[in-house]
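Taking it in order: structure first as structure tokens, then the write-up.
Bear in mind that the values in this text are calculations on the coordinates, not laboratory data. Just so it is clear, the structure is predicted and the values come from calculations on it, not from any experiment. Note that each Cβ is placed from the backbone with ideal geometry, even for glycine, and that neighbours are counted across all protein chains shown.
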């Protein structure tokens, strides 16, 4: 019997539907997962809503490269959030930091207030704060529902002791949800060792779109030159392994 809630990180509406088919309890819908996940399009949110009743959390992150934003970026974030709330999303995901890496308490509180009864997840911005205990205290006081973390490490499997300590420290004040690097083979280990009740995962397989193969000298991406033929999608079968559905 599954002992933890499974949230699947999704980079598109297609991913979200595949996650739902795999038995996911909840999805976090983003765009641009290559850079850690940015705000998804309204179209993708509506497409998920039209095809599935899965619990839908939506990322609010107006750009890559940190979590201390300009006035225009914050206005964009507010307008995106307002629009998503109109379409009945089940949760919102964001993280705001000051230039010194501490939680921007005032801004976070403002966005929590604007969200009303919709629960907030503070994302992995927590993994770069100078004092995670103080950050948890602040977020709990503000009314944040959960915190997504890798335990301040690149891979959560390298920081299970920290995650376990965070869960114990947070207690019933908010949910600590481990993520980053969890596989179907390690999910049970993470849950059993840390005592987590929720888990954030990203399992993919690669598909091929042959429409670009007439000219292999063309790249539409940046200097990293991503494949123009292959693309990742959520692997429903891997999700099903840990959801046992």
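Some values worked out for this structure:
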{"quantity": "Mean residue ellipticity (222 nm) of the chain, computed from DSSP H runs ≥ 4 via -39,500 (n - 2.57), nearest 500", "calculated": "-10000 deg cm²/dmol"}
{"quantity": "Theoretical gain in end-to-end length, residue 172 to residue 208 [0.36 nm per residue, Cα-Cα removed]", "calculated": "8.5 nm"}
{"quantity": "Gyration tensor verdict on segment 1-84 (Cα atoms; rounded if a/c is under 1.5, prolate if a/b is larger than b/c, oblate otherwise)", "calculated": "prolate"}
{"quantity": "Distance in nm between pseudo-label sites at residue 78 and residue 220 (7 Å out along the Cβ direction from Cα)", "calculated": "3.5"}
{"quantity": "Nearest-0.05 FRET efficiency for residue 230 and residue 117, computed from C-beta distance (R0 45 Å)", "calculated": "0.60"}
{"quantity": "DSSP-defined antiparallel bridges as percent of all bridges, the chain, nearest 5", "calculated": "20"}
{"quantity": "Segment 31-139: C-alpha gyration tensor shape, a/c 1.5 cut-off, then a/b vs b/c", "calculated": "prolate"}
{"quantity": "Segment 5-243, relative contact order [Cα under 8 Å, separation at least 6], %", "calculated": "19"}
{"quantity": "Ranked by how many other beta carbons lie within 10 Å on average, peptides 97-110, 60-73 from highest", "calculated": "97-110, 60-73"}
{"quantity": "Beta bridge orientation in segment 39-166: antiparallel %, DSSP, nearest 5", "calculated": "10"}
{"quantity": "DSSP-defined beta bridges in segment 118-245 - what % are antiparallel, rounded to 5", "calculated": "40"}
